[in-house]
Amino acid sequence: MARIIEVDTALSVQDYSPEADKTVCLVIDVIRASTTIVSFLDNGCRRVYAVAEEEKARQLGAERQMLTAGEWKGIKLPGFDLDNSPAEARRHPIKGRDIVLCTSNGTRVIHQVKNCVKLFIASLMNAQACVQAGLSAALDASCGITIVCAGQYGKFVLDDAFCAGYLLQEMEKQAEKLGIELKESDACRAAKAVFKAYPDARTAFEESASGKVLLGTKGYEDFEVCLEYNTSQVVPCLQVEDDLIWFVNWEEQQ
């Protein structure tokens, strides 16, 4: 008898209901926070702390001697060590360091959904690895999976929906191999329709509001990194202690 996992997609954080706290969540902010978090851990960062407020990031950075990274409306926060930039994350000497990240959308959404069963960060870059982790965690917890699109300032955005559609495609492939039946919501079908409507990620991202902001600020290198499929095996997994949350690679928790 096939194991069954219910799968839903919140196409913006406004679609995230309290019921979703009982599921494993895969959070997407593909341009750029989720791609940046994956890139930080891929380059040897020890922990990536996610905060919603700029002042909290400054305070943590000073108190704990962390590197600070972040942006607001696509522009690097003044005085921060790094931008919310996956390209910069790849080349900066961060091995063994802790980083605190504050962004316009991604880190704020993470705080809104942090009470779920388990939270992973998803992007095109780590899609296959993230889906595998999500399915494994959902089976272990006997719960469903919710893909959460960060969107832009709480609203639907095309690039995250495209990425969600790709994750669902990969999830279906892996579930079939594992003998798992997925029960997908209409929102999942909508995300898959968005994915199938575009010939490639570049076309979708160029049309998206987030992509236009990034290209408008000359973030061409970051844009190219966000387009990469499955170049990383890192799956950032949320850890919570008191009022602090951070990410480490899921493999380190196994």
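Numerical summary
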read-out: Nearest 10 degrees, 0 to 90: helix 127-141 Cα axis against the chain principal axis; value: 60 degrees
read-out: Shape call, the stretch 24-114: gyration tensor on alpha carbons, a/c limit 1.5; value: rounded
read-out: Long-range amide H partners of residue 49 with built H, under 5 Å; value: 99, 100, 101, 247
read-out: Label zone at residue 193 (point 7 Å along Cα-to-Cβ), backbone N below 20 Å, the stretch 1-37; value: 7-16
read-out: Positive dipole terminus of the chain, leading residue within 103, 82, 138 (C-beta point charges); value: 82
read-out: 16 Å reach of a label modelled at residue 233, 7 Å along Cα-to-Cβ, counting backbone N of the stretch 150-180; value: none
read-out: Gain upon complete extension [residue 217, residue 252; 0.36 nm per residue less C-alpha separation]; value: 9.0 nm
read-out: Efficiency of FRET from Cβ geometry, residue 200 and residue 139, R₀ 35 Å, rounded to 0.05; value: 0.65
read-out: Relative contact order (%) - criterion: Cα under 8 Å, at least six apart; region: the chain; value: 33 percent
read-out: Vicinal HN-Hα couplings computed from phi for the stretch 186-191 (Karplus, 6.51 cos²θ - 1.76 cosθ + 1.60; Hz; Gly/Pro x); value: 4, 5, 5, 4, 5, 5
read-out: Amide H contacts under 5 Å for residue 3, placed H, 5+ residues apart; value: 181
read-out: Karplus (6.51, -1.76, 1.60) ³J(HN,Hα), θ = phi - 60°, over the stretch 54-67, in Hz, Gly and Pro reported as x; value: 4, 5, 5, 5, 4, 4, 4, x, 6, 5, 10, 6, 8, 6
read-out: Near-label residues of the stretch 210-230 by backbone N, under 13 Å of a point 7 Å along Cα→Cβ of residue 169; value: 229-230
read-out: Centroid-to-centroid separation of the stretch 48-111 and the stretch 127-166 [C-alpha atoms, Å]; value: 22 Å
read-out: Contour minus Cα-Cα distance for residue 73 and residue 155 (0.36 nm per residue); value: 28.1 nm
read-out: Added length on full extension, which subtracts the Cα-Cα distance from 0.36 nm per residue, residue 3 to residue 224; value: 75.8 nm
read-out: J(HN,Hα) series, the stretch 152-162, from Karplus relation 6.51 cos²θ - 1.76 cosθ + 1.60, nearest Hz, glycine and proline x; value: 10, 6, x, 10, 3, 9, 5, 5, 5, 5, 4
read-out: The chain: most fluctuating residue of 15, 98, 200 per GNM, C-alpha cutoff 10 Å; value: 200
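Every number here is computed from the coordinates shown, using simple stated rules; none is lab data. None of these values were measured; they are calculated from a predicted model. Cβ: placed from backbone, ideal geometry, glycine included. Neighbour counts: every protein chain shown.
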